[in-house]
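The values are calculated or read from the model by the stated rules, or taken from the named source; none is laboratory data. Computed from a predicted structure; not experimentally measured. Ideal geometry is used to build each Cβ from the backbone, glycine not excepted, and the neighbour counts take in all protein chains shown.
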Amino acid sequence: MTGGYTFRRPFESDHARIVRQVDDWWGGRRLHDLLPRLWFQHFTGTSWIVEDGSGAPVAFLVGFISPDHPYEAYIHMVGVNPNRRRSGLAGQLYERFIADVASRGVRRVHAITWPGNRISVGFHTAMGFVPSAGPGTQNLYGTVAYPDYDYPGEDRVAFTKDVGSTSAGG
Ligand SMILES: CC(C)(COP(=O)(O)OP(=O)(O)OC[C@H]1O[C@@H](n2cnc3c(N)ncnc32)[C@H](O)[C@@H]1OP(=O)(O)O)[C@@H](O)C(=O)NCCC(=O)NCCS
């Protein structure tokens, strides 16, 4: 337990109570489609849930080590109850995820966000993530981002952070 919060691995049975909240936690955006049950079935070993003293979920992170690129990991979603923000919960989730995957050989972590989500952009920047500036990027909402990244009109910032040892082979 940290500061009255319990950090633990999610179970499949957590899915229903998390997915019910994500649209509210994302300010009314329709985000629950991005969190199907499969995240709580097949990615629990690298994901986290945070509960308060009453057992209510207050934050979660779902992510994984890339099957194609085992030295890379990807954070799919992180969310914190709006009433519990700015107390370091998401930062702690990122630190735990990075420590986990770095101990398993990962050297680069990826996270994608919408450039108009200024809070997410600010959070990732504060956590030491850097927007990729590859071919096709533009300045969108003040951040280097890929227009139409996932679908026409679906712009994204592709954040990366180098982590762990650079001395291992591979
Ligand atoms: C983004 C989000 C996960 C951050 O969670 P959080 O627990 O409040 O973040 P932390 O308290 O760990 O913040 C760490 C640092 O990030 C930055 N940050 C976080 N929220 C910020 C905000 N609203 N404005 C500016 N910077 C912010 C700050 O530098 C902060 O450090 P500080 O509080 O010491 O200044 C949370 O706002 C959220 O759930 N948003 C909706 C979901 C979302 O957009 N998720 C990200 C895309 S998947």
Pair list, Cβ < 7 Å and 6+ apart or interchain, from region 113-124 residues that are touching a residue at least 24 places away in the same chain (Cβ under 8 Å) to residues that are near the ligand (Cβ under 6 Å from one of its atoms)
Thr113/Ser120; Val121/Thr113; Phe123/Ala90; His124/Thr113
State the number of residues belonging to region 22-49 that are within 21 Å of Val109 (Cβ to Cβ) and either touching a Lys or Arg at 6+ places or on another chain (Cβ under 8 Å) or touching a residue at least 60 places away in the same chain (Cβ under 8 Å) (or both).
5
(1) at pLDDT 95 or above; (2) under 18 Å from the mean Cα position of the chain (by Cα): which one isn't true of Ala56, the others all being true?
(2)
Among residues of region 131-158, those that are touching a Phe, Trp or Tyr at 6+ places or on another chain (Cβ under 7 Å) and exposed (fewer than 14 other Cβ atoms within 10 Å of the Cβ), counted
1
Wholly inside region 89-170, strands (runs of 3 or more DSSP E) that include 2 or more residues that are touching a helix residue (DSSP H, G or I) at 6+ places or on another chain (Cβ under 7 Å) are 108-113, 154-162
Can you find a residue in region 10-19 that is surrounded by 18 or more Cβ atoms within 10 Å (Cβ to Cβ) and either of a type in the set (S, T, N, Q) or within 11 Å of the ligand (Cβ to nearest atom) (or both)?
no
Within region 59-76, restricting attention to residues that are away from the ligand (no atom under 12 Å from the Cβ) and under 13 Å from the mean Cα position of the chain (by Cα), which residue is nearest to Asp24 (Cα to Cα)?
Phe64
Contacts under 6 angstrom Cβ, first residue in region 126-137 being without any contact (Cβ under 8 Å) to a residue 40 or more places away in the chain, partner of a type in the set (A, V, I, L, M, F, W, C) and crowded, with 16+ Cβ neighbours inside 10 Å, 6 or more apart
Phe129/Phe159; Pro131/Val144; Pro131/Val157; Pro131/Phe159; Ser132/Ala158; Ala133/Val144; Thr137/Val144
Looking at Val19, Val58, Val50 in this structure, which one is assigned to a helix (DSSP H, G or I) and of a type in the set (A, V, I, L, M, F, W, C)?
Val19
What residue, among those in region 106-133 that are under 22 Å from Pro70 (Cα atoms) and among the small types (Gly, Ala, Ser), is nearest to the ligand (Cβ to nearest atom)?
Ala111
